[in-house]
Amino acid sequence: MNRYGVRVRDHWAEHAPKRLAELENPELFFTDLGAEIQAQVSDLAAILENNPAWMLEMGRSSEQTYLQDVARRTTARRIAEEVVMNQLAWVSDPSLPLDQAREEWEQTRPSDENLVAWAERMQDAPDLMPSTVELEDKAKEWAVPVEFLESLVEAEIPRQYLESNKALLAEAATIRFLREVR
């Protein structure tokens, strides 16, 4: 079992002991899950490392030093680990009351600040604006209308736009939470 499998097993032991106890062969399950996580982390890290927009944001240039390159690759790997672990590993005990499950979800969900950062990146590099399909996917992921994302990018100060639409964001967060507890 690799380090990802061990981390997930320990997490489940603490946060979802009933689910862990229901596993027929926990050793095999966490060995396989750890291997899948490792593969997806490697794939995503490679994509991030070779993404031109992300490389510019991370300051990659032709005069990049060895240490800067190591820092960029390490950052890509850590981001990939966070994304993949959020998708495949972190679970909560389904027997938790809904209010406790929501509280736990609120502590681990992506911050709305991610939308601000995304909108500011789009403003800084309009040629990176996603296609209609990508925009629809992002809207679906965040449970917000496409028009909301377009307006967020067009806003002079995206953070203020987000603040003025707190009710919509709260509703979207509820939708995303309910998707996960289904």
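Among the residues of the range 147-162, which ones are part of a helix (DSSP H, G or I) and exposed (fewer than 14 other Cβ atoms within 10 Å of the Cβ)?
Across the range 147-162, the qualifying residues are Glu147, Glu154, Gln160.
Condition check: of a type in the set (Asp, Glu) and closer than 30 Å to His15 by Cα. Does Glu120 satisfy that?
Working: of a type in the set (Asp, Glu): yes; closer than 30 Å to His15 by Cα: no.
Answer is no for this residue.
Among the listed residues Ala13, Ala39, identify the single one that is in a helix (DSSP H, G or I), closer than 13 Å to Val84 by Cβ and among the small types (Gly, Ala, Ser).
Unique residue meeting the criteria: Ala39.
Taking only the range 38-58 into account, find how many residues are modelled with pLDDT of 60 or more and open to solvent by less than 80 Å² (accessible area, probe 1.4 Å).
Number satisfying all stated conditions: 11.
Of a type in the set (A, V, I, L, M, F, W, C), touching an Asp or Glu at 6+ places or on another chain (Cβ under 8 Å) and open to solvent by less than 80 Å² (accessible area, probe 1.4 Å): does that describe Leu135?
yes
Hey, can you tell me all the residues within the range 166-182 that are open to solvent by less than 40 Å² (accessible area, probe 1.4 Å) and not basic (Lys, Arg)?
The answer is Leu169, Ala172, Ala173, Phe177.
Of all residues in the range 108-132, which are within 16 Å of Glu163 (Cα to Cα) and open to solvent by 30 Å² or more (accessible area, probe 1.4 Å)?
Matches in the range 108-132: Ser111, Asp112, Glu113, Asn114, Ala117, Glu120.
The values are calculated or read from the model by the stated rules, or taken from the named source; none is laboratory data. Because the structure is a prediction, the values reported are computed rather than measured. As a convention, Cβ positions derive from the backbone with ideal geometry for all residues, glycine included, and neighbour counts pool all protein chains shown. Note: accessible area is taken over every heavy atom of the protein model, side chains too, but ligands, DNA and RNA are not part of it. Shrake-Rupley method; radii C 1.70, N 1.55, O 1.52, S 1.80 Å.
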